[in-house]
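Some notes on the structure that comes next.
The values are calculated or read from the model by the stated rules, or taken from the named source; none is laboratory data. Just so you know, these numbers come straight off a predicted model, no measurement behind them. Virtual Cβ from ideal backbone geometry, glycine too; neighbours counted across all protein chains shown.
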Amino acid sequence: MRILLVEDDAILSEGIARALRAENFVVDVADNGEDGGHLGSTERYDAAVLDLGLPVRDGVSVLREWRETGRDLPVLILTARDGWSEKVAGFKAGADDYLTKPFRMEEVVMRLRALVRRAAGHAATRIACGALTFDAQLGTFELDGLPVKLTGLEWRVLSALILRREVVIERAELIERVYEGDADPDSNSIEVIIGRLRRKIGPEMIETVRSRGYRLTTGTS
């Protein structure tokens, strides 16, 4: 899951990014509205965390432009502005959720997971594909009822696949969801991760679609 974090408080931004990365999110960070707006308009994200009181350009105008130009990524507003009028302005601009400071990092994580899950079309927190089950709220996988132990990179790939089960996800998109912007992965890195996942959940469950990407399937014909 790839998240855009737009927050100008350096200490808070570092803390949020650290907490999200500890939960296997890929995080891109911007410290002003201009840069954050540009990233949200040009890059592909599963969700955004957006402060309102940003330098250069405020968060409401950034969000409004995203919506007016058709960007539908889920947005969690994170701000010290707790007045009702500020909340109304945020929701009218297109926010999906709103969290005021101070807050617990665990709540940010849980709210983002819920936003990403619902944006992928899943109402229930538990998502199944054959014998594989993903608890999208806790971020855990089970195979035939038993926990599946995954590395961070494996978790990122498998969560992307199960949130869009039976849909082909292009290799380039998986790379975006696994590695942060300054990473320089090997050319066959995704193939290596896919190979490890097949050994853990069964080779028949991840299908290679030539010249396109990969699809998570039930593994039954």
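Worth a mention:
- Qualifying position, being outside any strand (DSSP E or B), assigned by TED's automatic domain parsing to the domain that holds V209 and on the phi > 0 side of the Ramachandran plot, among E166, E191: E166
- Yes/no for G33 being under 27 Å from V178 (Cβ atoms) and small (G, A, S): no
- Checked against the criterion of being over 20 Å from S13 (Cα atoms) and modelled with pLDDT under 95, region 101-111 contains not a single residue that satisfies it.
- Taken over region 128-162, residues that are modelled with pLDDT of 95 or more, out of contact with any Leu (no Cβ under 6 Å at 6 or more places or on another chain), surrounded by fewer than 19 Cβ atoms within 10 Å (Cβ to Cβ) and among the aliphatic types (A, V, I, L, M) amount to 3.
- Qualifying position, being at pLDDT 95 or above and buried (at least 17 other Cβ atoms within 10 Å of the Cβ), among L216, L174: L216
- Residues located in region 149-180, provided they are over 20 Å from A124 (Cα atoms) and of a type outside the set (D, E, K, R): L150, T151, G152, L153, V157, V168, I169, A172, L174, I175, V178, Y179
- Candidates L54, L78, L112, L50 - the one that is closer than 30 Å to E207 by Cβ and surrounded by 18 or more Cβ atoms within 10 Å (Cβ to Cβ): L112
- Test: E106 is surrounded by fewer than 18 Cβ atoms within 10 Å (Cβ to Cβ), part of a strand (DSSP E or B), more than 12 Å from the chain's Cα centre (by Cα) and of a type in the set (D, E): no
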